[in-house]
Amino acid sequence: MAQDNQVRVLNRRSYYDGDVIFHEGDTGSQAFVVQQGRVRIVRTVEGGEKATLGIIEAGGIFGEMALIDKSTRMASAIADGTCVCISIPEETVRKKLKACDPVVRTVILMMIRMIRTVADETRLPPDTVDALTREVTEETVP
Amino acid sequence: MSDTASALGKRRFEAGDIIFMEGDPGTETFLIQTGRVGLMKRGADGLFEPLATLGPGQVFGEMALATKRPRAAGARALEDCQVIAVSRAHIDEKLKDADPFIAALFRILAGNLESTLDRKREVERAGRPRTDAVLKGRQEALDRAMDDLTGA
């Protein structure tokens, strides 16, 4: 199918641990799929500290919101260990959105707006080495 | 066409009508065409506190389309009004026929919205969110959606 060919011609990039894939506040023009490794999504909280919003594992998508609503990056995406990401062409996303049912498109935009609003309203505590270490220990206890 | 009309229905409410109550199961999102709607929440003392007043062109009850949570607030017609109600069944039908990329994107965003709401609730309750464990669970759902996206 022509569509499959389109999806396969994608840019792939490797990142080292700590590399910034995009910065919070940047204008967004690409969405990404993690092919290998992990990506940490980090946001600035009160006091200028950083808080982890989530970890995207292989197969996961990130960066799609700013691409769709033409806003700025809500958080930074940072390689957690070496990782490989595929970028999804903006053209593809825009074309498909334009062609889709207007009600579906409206709901997609609404969900993005809600995600941004709720994230802004959430007073996340900052990451600390102690807290992150404690979480790892808790999870490994069955 | 009649399916669309009933799923994407026009509704009229009279001043004072309760459109939905806080805690009700939510299956529809509403767009106001005419009139005004007041959102309200029950306070600690059991009395209703007004949250917001919405007018023509504004949407309310939008969480219902993305999540299965009960209504976070109640909605009442402040004056006679006409609204368009969009049901989740309508959206699910549309997603069935949609480009798989769009359907996958929708599921991913709905999942992210749930995570974001969960996290907010965690923070408000305990002052510290669970992170990796909760999000890994979400990630499994996202991986399934991603299979459609990459044509796997």
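The values are calculated or read from the model by the stated rules, or taken from the named source; none is laboratory data. From a predicted model like this one, the values you see are computed outputs, not experimental measurements. Ideal geometry is used to build each Cβ from the backbone, glycine not excepted, and the neighbour counts take in all protein chains shown. Remember, those area values only see protein heavy atoms, side chains included, never the ligands or the DNA or RNA. Shrake-Rupley method; radii C 1.70, N 1.55, O 1.52, S 1.80 Å.
Calculate the spin-label point distance for residue A:23 paired with residue A:109, positioning each point 7 Å from the Cα along the beta-carbon direction, and give it in nanometres.
Between residue A:109 and residue A:23, the simple spin-label model gives 2.9 nm.
Work out how much length residue B:24 to residue B:10 would gain on full extension: take 0.36 nm times their residue separation and subtract the Cα-Cα distance, in nm to one decimal. Before the final figure, lay out each step's value.
Values: separation 14, 0.36 × 14 = 5.04 nm, distance 2.04 nm.
Roughly 3.0 nm would be gained on extension.
Can you tally the net charge around residue A:30? Count Lys and Arg as +1, Asp and Glu as -1, for every other residue whose Cβ sits under 10 Å from the Cβ of residue A:30. Walk me through the numbers on the way to the answer.
Values: positive: none; negative: A:64, A:90.
Here the charged neighbours net out to -2.
Which value, in Å² and to the nearest 10, is the accessible area of residue A:49 when all protein chains are kept and the probe is 1.4 Å?
Roll a 1.4 Å probe over it and residue A:49 shows about 90 Å².
In whole Å, how far is the Cα centre of segment B:61-116 from that of segment A:52-75?
Answer, in whole Å: 20.
Could you go through segment A:67-73 in sequence order and give the Karplus-derived ³J(HN,Hα) for each residue, using 6.51 cos²θ - 1.76 cosθ + 1.60 with θ = phi - 60°, rounded to whole Hz, and x for Gly and Pro?
5, 7, 9, 6, 9, 9, 5
So which lysines can residue B:41 reach, going by Cα to Cα under 30 Å and dropping same-chain residues fewer than 8 places off?
Leaving aside lysines fewer than 8 places away in the same chain, those within reach of residue B:41 are B:10, B:68, B:120.
Please compute the net charge surrounding residue A:100, taking Lys and Arg as +1 and Asp and Glu as -1 over other residues with Cβ under 12 Å from its Cβ.
In short, +3.
Quick check: net charge around residue B:53, other residues with Cβ under 12 Å of its Cβ, Lys/Arg +1 and Asp/Glu -1? Numbers along the way, then the final one.
On the way: positive: B:36, B:76; negative: B:79.
Every neighbour counted, the sum reads +1.
Using amide H atoms built in the peptide plane, which far-off residues or other-chain residues are under 5 Å from residue A:54 H to H?
For residue A:54, whose amide H was placed from the backbone, the distant partners under 5 Å are A:41.
Relative contact order for segment B:2-87: what is it in percent, counting Cα pairs under 8 Å that are at least 6 residues apart? Before the final figure, lay out the partial values.
Values: 213 pairs, mean separation 42.2, N = 86.
Reported as a whole number, the value is 49 percent.
Can you list residues whose amide H is under 5 Å from residue B:78's amide H, if they're 5+ apart or on another chain and H is modeled 1.01 Å from N?
Close amide H contacts, sequence-distant or interchain: B:16, B:36, B:37, B:38.
Not counting ligands, DNA or RNA, and with a 1.4 Å probe, what is residue A:55's accessible surface area in Å² rounded to the nearest 10?
Here the accessible area works out near 10 Å².
Run the 1.4 Å probe and let me know the accessible area of residue B:92, rounded to the nearest 10 Å².
Surface open to solvent at residue B:92 totals about 80 Å².
Working with all protein chains in place, sort A:70, A:50, A:98 by solvent-accessible area computed with a 1.4 Å probe, largest first.
On the way: A:70 150, A:50 105, A:98 170 Å².
So, going from the largest accessible area down, we get A:98, A:70, A:50.
Where q = 0.14, 0.16, 0.18, 0.22 Å⁻¹, what log10 of I(q)/I(0) comes from the Debye formula for segment B:2-87, counting one point per Cα?
Taking Cα atoms of segment B:2-87 as identical point scatterers yields -0.45, -0.58, -0.73, -1.06.
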